[in-house]
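The values are calculated or read from the model by the stated rules, or taken from the named source; none is laboratory data. On a predicted model such as this, the values are computed, not experimentally measured, just so you know. A quick note on method: Cβ atoms are made from the backbone with ideal geometry, for glycine too, and the neighbour counts reach across all protein chains shown. For accessibility, only protein heavy atoms count, side chains too; no ligands or nucleic acids. Shrake-Rupley method; radii C 1.70, N 1.55, O 1.52, S 1.80 Å.
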Amino acid sequence: MNFFPNAKINLGLNITEKRTDGFHNLESVFVPVLWNDELEIIESDQTSFVSSGIEIPGEPNENLCLKAFYLVQSEFKLPPVRIHLKKNIPIGAGLGGGSSDAAFVIKGINEMFELNMNVEQMQNFARKLGSDCAFFIKNEPVFAFGKGDEFAPINIDLSNKYLVLVYPNVHVSTAQAYSGVKPKKPEYSLKDIINMPIKDWRSFMKNDFEQSIFKAFPKLYRLKQDLYSLGALYASMSGSGSTIFGIFEGIPPRIKVKDAQIHICKL
Ligand SMILES: C[C@@](CO)(OP(=O)(O)O)[C@H](O)COP(=O)(O)OP(=O)(O)OC[C@H]1O[C@@H](n2ccc(N)nc2=O)[C@H](O)[C@@H]1O
Ligand SMILES: Nc1ncnc2c1ncn2[C@@H]1O[C@H](COP(=O)(O)OP(=O)(O)O)[C@@H](O)[C@H]1O
């Protein structure tokens, strides 16, 4: 069967405290984005993983797709499968691509082998694979807190808005990005900001990773300013970077950025 794991962006990202387990508590709004990998899972005589498209660092047996399969197989009787992933979503880009692949393997095998897991059971498997992963099980706009794997519903209207994503070919390690941030309580509540008109988000909504990442890669800051100059209602880095996105009211103007990959979609 075929599945299409999608990317995400973060609207606002407050890193509020360092936890005793080494992770950080955060607050963010996660939104699914129409930029997709292609995942094929078929029953086979032995379990294997192959990928095409963008090269994924690490050994195939370290891939989150296989980790997800083995994790579910540790609790359910499953036949071997062959997994083929065509990687389109840039890696280390703040778009959650690897986490999404893993979540779609969990959802995929749940459907293929009629495991009858509910959302919560699938989220619990996903939480073991990465902080971002559980979001992709329901895959709808949500307020995220805790490690980024606990959720509260939000009401957000992004209809008729367009999204421009610019991936400037800069790979950011999530762990390193966290180590560059000093946690603090946010000045304004993200839950309140999200209810303001989008053009007002610019004054209140922050991504706490931007300061240190923009310092290390000044061209990312310039990209964000460029998106505002082109008419974005709101522009920000996604997650720990390096993707910079802009939200536009209508069809965005033509954008050309040297050495960058640009993806435009409806929100
Ligand atoms: C920053 C965010 C924001 O949505 O996204 P990305 O930029 O990676 O897409 C996420 O918190 C990334 O989640 P994810 O990519 O799943 O991270 P994980 O694999 O769980 O953790 C990678 C490393 O990041 C750090 N980490 C991650 C999550 C968290 N709440 N606190 C942390 O300190 C830890 O050092 C951990 O070892
Ligand atoms: N299926 C996968 N796709 C992408 N990266 C993967 C995958 N499986 C494991 N990884 C590892 O996870 C790391 C983070 O990947 P990714 O989710 O793309 O980053 P980000 O969370 O910044 O969006 C990569 O460096 C890669 O080594």
Those residues of the stretch 56-114 which are of a type in the set (A, V, I, L, M, F, W, C), in a loop (DSSP other than H, G, I, E, B) and within 11 Å of ligand 2 (Cβ to nearest atom), in sequence order:
Ile56, Ile89, Ile91, Ala93, Leu95
Qualifying residue in the stretch 61-71 (condition: within 16 Å of ligand 1 (Cβ to nearest atom) and loosely packed, with under 14 Cβ neighbours inside 10 Å):
yes
Does Glu27 satisfy the condition of being among the charged types (D, E, K, R), surrounded by fewer than 20 Cβ atoms within 10 Å (Cβ to Cβ) and modelled with pLDDT of 95 or more?
no
Condition check: among the aliphatic types (A, V, I, L, M), crowded, with 18+ Cβ neighbours inside 10 Å and part of a helix (DSSP H, G or I). Does Ile247 satisfy that?
no
Residues (surrounded by fewer than 16 Cβ atoms within 10 Å (Cβ to Cβ) and touching a Leu at 6+ places or on another chain (Cβ under 8 Å)) located in the stretch 114-145:
Lys128
Tabulated pairs, the stretch 113-135, first at negative phi, second part of a helix (DSSP H, G or I) and open to solvent by 60 Å² or more (accessible area, probe 1.4 Å), C-beta under 7 angstrom, 6+ apart or interchain
Val119/Lys138; Leu129/Lys67; Cys133/Arg127; Ala134/Arg127
Taking first residues from the stretch 66-80 that are among the polar types (S, T, N, Q) and second residues anywhere that are in a helix (DSSP H, G or I), the pairs with Cβ under 9 Å that are 6 or more apart or on different chains are Gln73/Ile109
Please specify each residue of the stretch 11-54 satisfying the condition of being charged (D, E, K, R) and without any contact (Cβ under 8 Å) to a residue 12 or more places away in the chain.
Asp21
Let me spell it out: the conditions are (1) β-branched (Val, Ile, Thr); (2) in contact with an Asp or Glu (Cβ under 8 Å, 6 or more places away or on another chain); (3) away from ligand 1 (no atom under 13 Å from the Cβ), and Ile89 meets all of them except one. Which number is the exception?
(3)
Some residue of the stretch 188-211 being open to solvent by less than 90 Å² (accessible area, probe 1.4 Å) and within 20 Å of Lys258 (Cα to Cα)
no
Test set (1) in a strand (DSSP E or B); (2) out of contact with any Asp or Glu (no Cβ under 7 Å at 6 or more places or on another chain); (3) not acidic (Asp, Glu) - Gln46 fails condition number:
(1)
